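The values are calculated or read from the model by the stated rules, or taken from the named source; none is laboratory data. Remember, predicted model here, so these are calculated numbers, not experimental data. Glycine gets a Cβ as well: all are built from the backbone with ideal geometry, and neighbour counts include every protein chain shown. We work out accessible area using only protein heavy atoms, side chains counted, and drop any ligands, DNA or RNA first. Shrake-Rupley method; radii C 1.70, N 1.55, O 1.52, S 1.80 Å.
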Amino acid sequence: MSENKNTAPPFPRTPKTADAYIRENLKKRNDRYRPAYHAAVPLGWANDPNGSIWYNGRMHLFYQHNPYAPSWDLMHWGHMASSDFARWEDLPVALGPDMAYEALGGCFSGTALEKDGRLYLMYTATTEHQQQCLAVSDDGIHFEKHPANPVIPYTLVPEGFSDVDIRDPKLFEHEGRFYCLLGTKDVNGFGNILLFTSGDLLSWQAVGPLFTPDDPEADNYLSVTCVCECPDWRQLSGTELLLFSPERFPQEGTLYENAHCSVYMTGALDFETGRFSYRTMGEIDGGFDFYAPQSFSMPDGRSILIGWKEMWGRSFPTFEDGWVGSFTLPRELSVKDGQLIQNPVRELQALRANPVSFENVPLPAGSILSLPGIVGNSVELEAEIDMKGAKKAGLSVFAGTGHETEVYYDAEKGFLVFDRSSSGTVITGDEENTSVRSARVSLTDNRLHLHLFLDVSCLEVFAEDGKAVLTGNIYADPAADTGIFFYAEGGDAAITRIIKYDLAV
Ligand code: FRU
């Protein structure tokens with residue numbers, strides 16, 4: 001798309017104007033890097049997933065959206081839906097910045113809630129303050145902003161907390177009342193989350209902050225000057241899970257290496273005081289491109305997570321193609337021994353086609369091996385590698401024309417490594433290192449279990465049954481870089497099992 005200049009109409013910007021613009025300009029989009037089965041913005045810019053919900057038999061994904069250019073501007077809520085989690089139908093823009101109380105930043109992130117057959121969106125309206133608002137729909141497509149907006153005006157923010165950075169409502173019902181978590185910081189700049197409650201969605205009162213600065217357990221996490229963006233909370237069997245995205249979270253070795261990261265805590269939320277006592281904490285995705293995830297429940301009780309599959313402050317190779325912004329695969333969540341486990345939503349298995357598999361293939365030290373039919377850049381791979389005596393063993397994917405992306409186990413360090421330094425177009429960012437990410441992974445019986453999803457310009461790596469997940473975008477040559485190789489170094493290894501599927505989308 002040649003013209004990325006600002007073509008946005010003046011404020012107010014309505015969903016109708018946005019839809020007309022997308023319709024007229026969609027054909028200018030360059031699709032060379034478009035993923036086949038990951039959700040991606042149709043045109044312009046997308047960041048955080050918003051209001052993800054299973055509603056009327058489909059997963060609805062709303063998202064932060066600027067339809068008019070592939071860069072951030074006054075925020076709309078884009079909208080798409082899918083019944084199989086892989087084929088996404090674009091729906092009309094749900095919210096546009098068209099109210100005076102949204103005039104400076106537009107409609108920021110939030111959640112959806114179904115109540116009495118109606119769909120409620122709660123979002124942050126941004127002017128010089130951030131205030132929480134509602135929009136309501138009877139068909140799940142067309143939304144009316146509530147006349148009582150803002151339902152949580154900035155004047156309700158308790159003393160000691162910012163009324164400028166207080167955003168991203170996580171709205172949920174618990175034991176007959178409504179609750180809302182808001183990401184914020186205190187007046188000293190330390191990140192926090194505030195709990196609010198309501199009996200009717202319209203009249204709200206503050207309960208209290210989740211973290212208390214004098215809480216010795218919470219010291220580490222409060223000594224960061226940031227906004228704890230996009231809070232999320234849910235009950236899982238045996239524990240509660242708190243998710244949030246602290247800006248500029250300090251790096252700890254190979255953890256939290258991105259400029260901004262997303263973390264989970266297990267523990268318990270006290271609905272009387274707002275205090276969250278946590279037991280464990282970790283990074284949700286150890287890869288390059290992951291932020292602002294949010295979760296929702298399936299009718300069968302499963303908890304599903306989806307994240308923004310990009311990172312603030314990066315170079316975006318699809319900018320010149322007219323679109324920037326895609327999302328991870330929806331993932332099923334569970335917690336085991338205090339650790340978050342994520343696996344691709346099981347419905348994706350229904351799309352598996354053309355399986356090609358091998359068993360017990362020796363991988364001698366120094367070898368680089370390809371296997372007939374194990375090829376492609378839009379495929380799912382399940383691999384089990386017996387590390388035997390190898391110091392390193394793994395795969396090279398998106399390979400060809402001098403490019404490759406490596407996923408390997410470093411047995412000496414006990415790390416799974418995702419290396420995109422020779423992938424193709426180099427991505428720059430606010431961090432020193434935008435090429436290599438690793439996660440500590442312990443193997444059982446010295447065998448590495450990998451579950452990989454390659455999708456034209458991205459790779460999601462699930463390891464050891466979802467104990468570690470690393471996601472990254474890859475800008476190789478989509479036509480030529482379809483090779484998949486296996487290798488071992490410093491000792492022999494063996495591929496005990498490999499299976500490749502295409503995904504029939
Ligand atoms: C997170 C975020 C949110 C905010 C939105 C604005 O990526 O900064 O806190 O609501 O993006 O687009």
Fill in: Whole-Hz ³J(HN,Hα) from phi, Karplus 6.51 cos²θ - 1.76 cosθ + 1.60, for the range 378-388, glycine and proline x
9, 9, 10, 10, 10, 9, 10, 10, 7, 5, 6
Item to complete: Eight or more residues apart or on different chains, and alpha-carbon atoms under 19 Å: count the Lys pairs in the range 350-503 matching that.
Response: 4
Practice prompt. For every helix of n ≥ 4 consecutive DSSP H residues, a contribution of -39,500 (n - 2.57) applies; sum these over the chain, divide by its total residues, and give [θ] at 222 nm rounded to the nearest 500 deg cm²/dmol.
Written response: -1000 deg cm²/dmol
Fill in: Mean Cα-pair separation over length for the chain, i.e. relative contact order, pairs under 8 Å, 6 or more apart, %
13
Worksheet, complete the sentence: Helix 15-25: inclination vs the chain longest Cα principal axis, degrees, rounded to 10, gives 30
Fill in: Charge tally in the Cβ shell below 13 Å around Y37, where Lys, Arg are +1 and Asp, Glu are -1, Y37 excluded
-2
Worksheet item: So what does K115 come to for accessible area, using a 1.4 Å probe and Å² rounded to 10?
Response: 50
Worksheet item: Can you pull the accessible area of E384 for me, 1.4 Å probe, Å² to the nearest 10?
Response: 40
Discussion item. I'd like the carbon and sulfur percentage of the solvent accessible area for the chain, probe radius 1.4 Å, heavy atoms only, ligands and nucleic acids excluded.
Written reply: 48
Discussion item. Under the rule a/c < 1.5 gives rounded, and otherwise a/b versus b/c splits prolate from oblate, where does the range 244-307 land using the Cα gyration tensor?
Written reply: oblate
Practice prompt. Just need the relative contact order of the range 378-463 here, percent rounded to a whole number, with Cα pairs under 8 Å and 6+ apart.
Written response: 33
Response to the item:
Of the residues M311, F190, Q205, the Cα lying farthest along the dipole of the chain towards its positive end, which is defined by charges on the beta carbon of Lys, Arg, Asp and Glu, belongs to M311
Item to complete: Could you tell me whether the chain comes out rounded, prolate or oblate from its Cα gyration tensor? Rule is a ≥ b ≥ c as square roots of the eigenvalues, rounded for a/c under 1.5, then prolate if a/b exceeds b/c, otherwise oblate.
Response: prolate
Worksheet, complete the sentence: Surrounding charge for D430, neighbours by C-beta under 14 angstrom, Lys/Arg +1, Asp/Glu -1, total -4
Worksheet, complete the sentence: HN-Hα couplings for the range 470-476 via Karplus (6.51, -1.76, 1.60; θ = phi - 60°), in whole Hz with x for Gly/Pro, come out as 9, 10, x, 8, 9, 10, 8
Worksheet entry | Largest-first ordering by accessible area, 1.4 Å probe, given options T14, T434 | T14, T434
Worksheet entry | Filter on K115/K145; K145/K185; K16/K309; K16/K145; K27/K170; K185/K336 - keep pairs with C-alpha separation over 25 Å | K145/K185; K16/K309; K27/K170; K185/K336
Discussion item. Using the Cα centre of the range 360-505 as the reference point, and only Cβ charges (+1 on K/R, -1 on D/E), how large is the resulting charge dipole? Debye, rounded to the nearest 20.
Written reply: 320
Item to complete: Place a +1 charge on the Cβ of each Lys and Arg in the chain and a -1 charge on the Cβ of each Asp and Glu, then give the dipole magnitude about the Cα centre in debye, rounded to the nearest 20.
Response: 860
Practice prompt. First check a/c for the range 350-503, with a ≥ b ≥ c the square roots of the eigenvalues of its C-alpha gyration tensor; if it is under 1.5, answer rounded, and if not, answer prolate when a/b is larger than b/c or oblate otherwise.
Written response: rounded
Item to complete: Could you do me a favour and compute the accessible area per residue for the range 26-70, 1.4 Å probe, result in Å²?
Response: 26
Worksheet, complete the sentence: Surrounding charge for L236, neighbours by C-beta under 15 angstrom, Lys/Arg +1, Asp/Glu -1, total 0
Fill in: Gain in span if fully extended, S357 to S297, counting 0.36 nm per residue against the direct Cα distance
18.2 nm
